[in-house]
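Student: Pasting in a structure now, in structure tokens, and then I'll have a few things to ask.
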Amino acid sequence: MTERTRFDLAPDQIPTAWFNITPDLVAAGIPPLPPLHPGTKEPITPDLLAPLFPEALIMQEVSGEQWIDIPGPVLDMYQLWRPTPLQRAIRLEQKLQTPAHIYFKYEGTSPAGSHKPNTAIAQAYYNKEAGVRRISTETGAGQWGSSLAMACNFFDLECLVFMVRASYEQKPYRRIFMETFGAKVLPSPSPTTEAGRKILGEHPDSTGSLGIAISEAIEVAAASRDTNYSIGSCLGHVLLHQTVVGLEAKQQMEMAGEHPDLVVGCVGGGSNYGGLAYPFMAGKLRGETPDMRFLATEPAACPTLTKGKYAYDFGDTAQMTPLLPMYTLGHDFVPAPVHAGGLRYHGDSPSLSLLVKEGYMEAVAYTQNEVFEAAVLFAQAQGIVPAPESAHAIRGAINEAIQAREAGQEKVILIGLSGHGHFDMQAYDDYLNGRLPEVEFNPADEAEALASLPDVPIGG
Ligand SMILES: Cc1ncc(COP(=O)(O)O)c(C=O)c1O
């Protein structure tokens with residue numbers, strides 16, 4: 001009999017509660033640091049966030065509960081595509097001639113093509129419940145905007161998306177996808193906001209960044225009573241919603257009768273990787289699986305975790321957010337327009353940053369061509385063309401599988417395959433025709449961007 005490669009869950013095995021890592025961070029002696037008010041430098045109070053988020057999400061952001069029930073209407077919508085598949089990439093193993101077992105948890109089967117609807121549905125639901133009429137947001141790769149556009153449509157909310165200009169130009173079909181769900185999409189920086197006009201005044205050719213697009217979306221929400229802001233990554237409640245990924249993957253690895261030695265994912269703001277990793281990370285924090293390794297992968301053009309500084313910084317360019325304790329390249333940093341648009345963010349999730357800083361998680365950065373080489377190898381082995389973002393995780397897994405081969409070591413690797421790359425054909429065309437520049441991070445840019453960090457000491 002051939003080896004089993006698919007580990008499918010039934011619809012009634014979708015998790016019914018999200019998993020909150022905070023109690024485990026506290027118990028392990030590394031409690032998360034609070035976000036600070038940029039003026040007083042004191043921990044923020046929930047009311048500061050009230051103009052932007054509904055109360056239910058603010059409460060999730062600060063919750064110390066381990067489990068948070070998923071509301072029925074959200075679960076009903078999860079059933080449109082969840083549970084997602086976990087597969088063993090046996091054909092990739094064979095191509096690499098590695099003794100490692102490689103599994104991947106595939107979020108590309110969602111309607112928008114990535115993990116992003118897991119939180120978009122939840123955020124739209126809570127906003128609708130709170131009586132909000134419209135949601136504004138940013139999008140890098142277009143995956144988040146697509147997901148929120150769909151979720152807003154389901155809950156009868158208007159949706160305004162500021163799309164990073166580099167992606168807006170690279171990916172017209174993502175814009176059309178969002179418009180199909182009734183969203184309004186503007187290239188960012190745009191002349192419609194003060195933050196956008198300021199950037200355009202200084203850099204008329206700006207290709208944009210997630211930090212700038214976030215500023216524009218927040219500005220709109222802060223100025224209108226009936227509009228809230230929604231974020232696609234980085235904050236605690238977003239990672240919380242994404243834990244359905246890891247909770248399912250845990251059940252599926254049990255079905256496969258294996259435990260991962262290594263969990264690898266890509267990190268933009270940290271949501272898909274946190275969502276996959278945290279249910280496994282709890283075991284490491286509790287001392288049950290001390291040897292399990294966690295590898296966060298990122299682009300060499302925007303190496304937040306590997307070259308950034310652990311500091312309090314703004315989440316956006318125009319300095320509108322609270323100060324977040326995180327690895328950052330500086331809120332002014334505008335990464336080169338690499339194709340992994342969803343990974344072009346100057347900061348990272350505070351909890352994930354903390355885990356890297358405390359040595360529970362490793363991080364590595366790759367350049368574009370080595371990432372696309374891995375993506376093509378994976379596609380040719382498994383038939384799935386991965387999103388450029390997800391391909392960073394594949395690169396990490398392949399490198400580990402090659403090391404396992406060289407060391408003659410059996411190893412179980414779990415990849416977070418966060419999305420498909422069906423809207424990224426331009427990127428693949430550029431790679432296949434040798435047109436992808438090897439963009440490396442310029443340390444001079446870092447020095448300049450870090451110079452703008454707020455002067456706030458950070459513990460530890
Ligand atoms: C497919 C895909 N993977 C990963 C990311 C990175 O975001 P995060 O770190 O929040 O998962 C994005 C962001 O747009 C994405 O579209």
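Derivation of every value follows stated rules applied to the coordinates shown; laboratory data play no part. Bear in mind that the values here come from a model prediction, so they are computed numbers and not experimental data. Cβ atoms come from the backbone with ideal geometry, glycine included; neighbour counts cover every protein chain shown.
Student: Counting only other residues whose beta carbon sits under 15 Å from that of Arg91, what net charge do I get with K and R as +1, D and E as -1?
Tutor: +2
Student: Here's something else I'd like to know. With 10 angstrom as the radius, rank Arg344, Arg82 by how many other C-beta atoms surround their C-beta, starting from the fewest.
Tutor: On the way: Arg344 29, Arg82 21.
Ordered by Cβ neighbours within 10 Å, fewest first: Arg82, Arg344.
Student: Report the charge-dipole magnitude of the chain in Debye, nearest 20, computed about the Cα centre from +1 at each Lys and Arg Cβ and -1 at each Asp and Glu Cβ.
Tutor: On the way: 32 positive and 53 negative charges, 133 e Å.
Dipole magnitude for the chain comes out near 640 debye.
Student: Something else about it: Just to be sure I understand: if I project the alpha-carbon convex hull of the range 347-460 onto a plane and average over all orientations, what area do I get in nm²?
Tutor: 10.1 nm²
Student: How high is the relative contact order of the chain? Use alpha-carbon pairs under 8 Å, at least six apart in sequence, and give a whole percent.
Tutor: Dividing the mean separation by the residue count of the chain yields 19 percent.
Student: Roughly speaking, what is the centre-to-centre gap between the range 174-215 and the range 19-35 when only Cα atoms are used, to the nearest Å?
Tutor: Taking the Cα centre of the range 19-35 as reference, the centre of the range 174-215 is 35 Å away.
Student: Just to check, using Stokes-Einstein with a Kirkwood Rh over alpha carbon pairs, what's the diffusion coefficient of the range 280-352 at 25 °C and 0.890 mPa s in µm²/s?
Tutor: Using the Kirkwood radius from Cα pairs, D works out to 181 µm²/s.
Student: Another question, then. Per-residue ellipticity at 222 nm for the chain, helices alone: DSSP H runs ≥ 4 residues times -39500 (n - 2.57), over residue total, nearest 500 deg cm²/dmol?
Tutor: Numbers: 19 runs with 193 residues, N = 460.
Dividing the helical sum by the residues of the chain leaves -12500 deg cm²/dmol.
Student: What's the local net charge at Ile121, with K and R +1, D and E -1, over the other residues with C-beta under 14 Å away?
Tutor: -1
Student: Quick check on the exposure proxy: order Asp261, Asp291 from fewest to most C-beta atoms within 10 angstrom.
Tutor: Fewest to most other Cβ atoms nearby, the residues stand as Asp291, Asp261.
Student: For the range 201-278, state the average projected area of the convex hull of the C-alpha atoms over all orientations, rounded to one decimal in nm².
Tutor: It is 7.7 nm².
Student: Explain nothing, just compute: Karplus ³J(HN,Hα) = 6.51 cos²θ - 1.76 cosθ + 1.60, θ = phi - 60°, for every residue of the range 414-421 in order, whole Hz, x for Gly and Pro.
Tutor: 10, 9, x, 9, 6, x, 8, x
Student: At a threshold of 8 angstrom on Cα-Cα distance, excluding pairs fewer than six apart, so keeping six or more, what relative contact order does the range 359-460 reach in percent?
Tutor: Over the range 359-460, the number comes to 30 percent.
Student: Rounded to two decimals, what ratio of Rg to Rh does the range 61-161 give with C-alpha atoms and a Kirkwood Rh? Don't skip to the answer; put the middle values down first.
Tutor: On the way: Rg = 17.1 Å, Rh = 15.6 Å.
In the range 61-161, Rg relative to Rh is 1.10.
Student: With N set to the number of residues, divide the alpha-carbon radius of gyration of the range 252-313 by 2.2 N^0.38 Å and report two decimals.
Tutor: The reported ratio for this selection is 1.29.
Student: Can you compute the equivalent ellipsoid semi-axes for the range 159-207, i.e. the square root of 5 times each eigenvalue of the Cα gyration tensor, sorted largest first and rounded to whole Å?
Tutor: Result for the range 159-207: semi-axes of 21, 12, 5 Å.
Student: Short version: ³J(HN,Hα) in whole Hz for each residue of the range 56-71, in order, from phi by Karplus 6.51 cos²θ - 1.76 cosθ + 1.60 (θ = phi - 60°), x for Gly and Pro, what are they?
Tutor: The phi angles translate into 4, 6, 5, 5, 5, 4, 9, 5, x, 6, 6, 10, 10, 4, 8, x Hz.
Student: Which log10 I(q)/I(0) values does the chain give at q = 0.13 Å⁻¹ under the Debye formula, counting every alpha carbon as one identical point scatterer?
Tutor: For the requested q values the scattering log ratios are -1.17.
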